[in-house]
Each structure stands twice: as C-alpha cells, then as structure tokens.
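See below for the structure under consideration.
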Amino acid sequence: MSDKKIVFSGVQPTGNLHLGNYLGALKNFVSLQKKMECIYCVVDLHAITTFQNPKILKSNILETTAGFIASGLDHENSIIFNQSSVSGHAELAWILNCVSRVGWLNRMTQFKDKAGTDKEKASVGLYIYPNLMAADILLYKATHVPVGADQKQHIELSRDIAQKFNNDFQVENFFPLPEPLIPKKISRIMSLRDGTKKMSKSEESEYSRINLKDDADEIVKKIKKAKTDSEPIPSNEVELNKRPEALNLITIYSDLTNTPVGEVLKQMSGKDFTHLKKNLSDALVEKICPIGKEIKKMIKDRIFLEKILKKGSEKANLKAEENLKKIRDIVGLI
Ligand code: AQP
C-alpha cells in the first residue's frame, strides 16, 4: 500500500453556505492544502437525494464553487470539481452498493433525521447516500476526510465498506481505511434558534444560521435575535457545557478570535449576553463579510467558475479512471 496522504471532501450545493460549513469544514479544507494532495468536490449527486429545482441547482453548484474559492481554496493546487462531471463516482457507488450491508445503512442517524417520520416516502438515493459518499472517498483512495462531527458515522461506514471490499476480494490494503479529520474545538455549530440542533442550510428559519453571504446588518440582526438563556455568562466550562445556546455562541466566538474558551469566560464571566453578542457580531463581520463579498463578486463571472470546474473534473477523471480500471478488474468486470 502506498503511504501517500490524499484528502477528499465535499459540500452539497443545496443552498447558502453557512457558518457551520465554514468552521466545521471549509476552514479545515484550506489549512490542509499546504500539507497534502487535496481533492474538493461540490457533491451535486448527493444534493439530488432530496428534490432540487434544476435551475436553482445549477446556480447553487457555481455558488458553492465560488464559496470554496472565496474561503481560500486554491484551484491551481487543489482539485476542485463537481461530482456528476466524473461518472466514476456513480459507477463505484453501484459496486459498493453490492458490498455494503442493509443492516449498516439502517444504523445511519442522518437518514433517520432527514427522512423524518415518513421513511417510506424518502428517496432510495437518500437511504444509500452513505454508499455514494464511500465511493467519493475510495475512488481517489483518499486517506483523510475533513468533515464536521455530523459526518463521523458516514466515514466509519466508508471504512467498513473499504475493509469488506479488501477482504471479500482478497486484496489486502487495496483501499486505505479513510480517517475523519474533525475540528477538535468546534466540530458542530448549532442553530442560533436552538442550541441542541445543528446549524443547517435546509432549516427553514433564516435566523437559525449565519450565511457566508450575509451582510453586516444581517449578521448583527441575527446575533441580536439568537436564543440565549436568562443567566449571566458563567465563569467555568462545566457550567457552560450545561447551557447549549451559551456554549454555541461562546465556542463560535472563541474559534473566530483564536481565544481559548477558558480565556473568553475569564473576560466575560458575570456579564450579560448583550456584551458577548456585540463582540461576536464584530468578529463575524470581520471574518465572514469579506468572504461573502468575494462570493457575490465571483458568481457574476459564470465563465470563470465553469472553467475551474472543467479543469478540476479533467484532473479528477484521470485519477478516477486509473483506480477504476483496477477496481473493475478486481471485481471481475471486463
Ligand atoms: N452545523 C455544522 N457544524 C459543523 N460542520 C457542519 N457541516 C455542515 N453543517 C455543519 C459540515 O459541512 C460540510 C458540508 O456539509 P454538506 O452541506 O455537504 O451537508 P450537511 O452536513 O447535510 O450540511 P447542511 O447544512 O445540514 O445541509 P443540508 O441542510 O442541505 O442537509 C460537511 O463536512 C459537514 O460536516
């Protein structure tokens, strides 16, 4: 087995990128570029597991690409492309559908969350989504996958699938077992309306999230309205951990300003949330608004974004085909 480190990760083009995508994933994508070979994908085939308006999907694919670049991804060094432009993702997903087990998929909590109460009506695609995710990663023999904590279970499944493929076909170490790279301090950004729910693009209320495209006024308004409790800011982390909304706002502030949570508590203990909210809004405006401005500028240049995707998909396709040739042979396909 080669000991080359390869990073793969993806983001769904399902709407506005938000602070959770940025702090949980994109920021990590950027820092990894300097250390390893990186492949970053706009996962449009994942997006269609729930219905997407075709016109809006096309513009969301370009906007997510703009979000990648505006967050600091370098399209010269990293491969940036959209999933559906490399057909190997769908082909390997089929092969892995035949390796993965129904019992494994039945344990996936994201399917349960996204399918809601009426699972019979969910698409088959949504159910087998984790197998496609395994294919995305294994197609490039990726060794490391930067994701938010919500995706940890899917990476574990990808490891199980890789292991079973290697065992079934007696090709020891053919697929590396991919490792999740989850930010330690801030792995799950929560909704601004409910500190027990993840911040998400598909949550109805705009007030639940900070979008990367929000302007300063919107950010200030959303943070002002963010849910808190009635107690002052606590003095220690044990108390903070019992209060989900306070914990969320303080960890976001700590991450954006590179200040350890203990230090933030020292500075703010006993004060009310207006103080934290003012400081948090300032930090968000400073960090997020320049990214949002860049996205808005870039989405006007469709040709530029399409060129980046085309160049990326050519590079990704070469790698994918090289691996697929071996995979077809291992499985016995001619
Ligand atoms: N709230 C979050 N906190 C930390 N990380 C997060 N990620 C998403 N939300 C948070 C990470 O962002 C990457 C891309 O996620 P995605 O857009 O492909 O899918 P998702 O996890 O399903 O994100 P959303 O916002 O909840 O999308 P919808 O609403 O369309 O399903 C992943 O690495 C994810 O961990």
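Structure notes:
- Longest segment of the chain lacking GluC sites (Glu not before Pro) that sit in a DSSP loop with at most 15 other Cβ atoms within 10 Å: 205-334
- Distance from region 78-94 to region 166-180 (C-alpha centre basis), Å: 20 Å
- Span-like helix ranges in the chain, DSSP H, alpha carbon extent 15 angstrom or more, Kyte mean at least -1.0: 54-71, 124-138, 244-257, 273-298, 302-331
- Taken about its Cα centre, region 1-125 carries a charge dipole of about 320 debye when Lys and Arg each add +1 at the Cβ and Asp and Glu each add -1 at the Cβ.
- Where labels lie 7 Å past Cα in the beta-carbon direction, separation of K225 and V102 in nm: 4.5 nm
- Highest-fluctuation residue, S84, S254, S205 considered, GNM on the chain with Cα pairs under 10 Å: S205
- Comparing S208, S230, S200 in a Gaussian network model of the chain where C-alpha atoms under 10 Å apart are linked, the largest mean-square fluctuation is found at S230.
- Integer Hz, Karplus 6.51/-1.76/1.60 couplings in order for region 184-189, x for Gly and Pro: 5, 7, 9, 8, 8, 8
- When +1 charges are put on Lys and Arg Cβ atoms and -1 charges on Asp and Glu Cβ atoms, the dipole computed for the chain relative to its Cα centre reaches about 280 debye.
- Overall form of region 1-119 per C-alpha gyration tensor (a/c, 1.5; a/b vs b/c): oblate
- Count Lys and Arg as plus one, Asp and Glu as minus one, and take only other residues whose Cβ is under 14 Å from that of A115; the net charge is then +2.
- Accessible-area composition of region 206-297, carbon plus sulfur, in percent [1.4 Å probe]: 50 percent
- Antiparallel %, DSSP beta bridges [both residues in the chain], to 5: 10 percent
- Karplus-derived 3J(HN,Hα), 6.51/-1.76/1.60, for each residue of region 78-83, Hz, glycine and proline x: 9, 8, 10, 7, 9, 3
- Theoretical ellipticity at 222 nm over the chain - DSSP helices of four or more residues, -39500 (n - 2.57) apiece, nearest 500: -16500 deg cm²/dmol
- Mean-position separation - Cα centroids, region 269-320 and region 111-132, in angstrom: 29 Å
- The residues of the chain expose, per residue, 49 Å² of accessible area to a 1.4 Å probe.
- Between D160 and K300, full extension at 0.36 nm per residue minus the direct alpha carbon distance yields a gain of 46.1 nm.
- Dipole of region 206-297 computed with +1 at Lys/Arg Cβ and -1 at Asp/Glu Cβ about the Cα centre; of N241, T259, V220, farthest Cα towards the positive end is V220.
- Only one residue of Q163, N173, I186 has its Cα farthest out toward the positive end of the dipole of region 141-188, where Lys and Arg carry +1 and Asp and Glu -1 on Cβ, and that residue is I186.
The values are calculated or read from the model by the stated rules, or taken from the named source; none is laboratory data. All of these numbers come straight from a predicted model, not from anything done at the bench. Because the Cβ atoms are built from the backbone with ideal geometry, glycine has one as well, and the counts that use them run over all protein chains shown. Accessible surface is based on the protein model in full, side chains and every heavy atom, while ligands, DNA and RNA are left aside. Shrake-Rupley method; radii C 1.70, N 1.55, O 1.52, S 1.80 Å.
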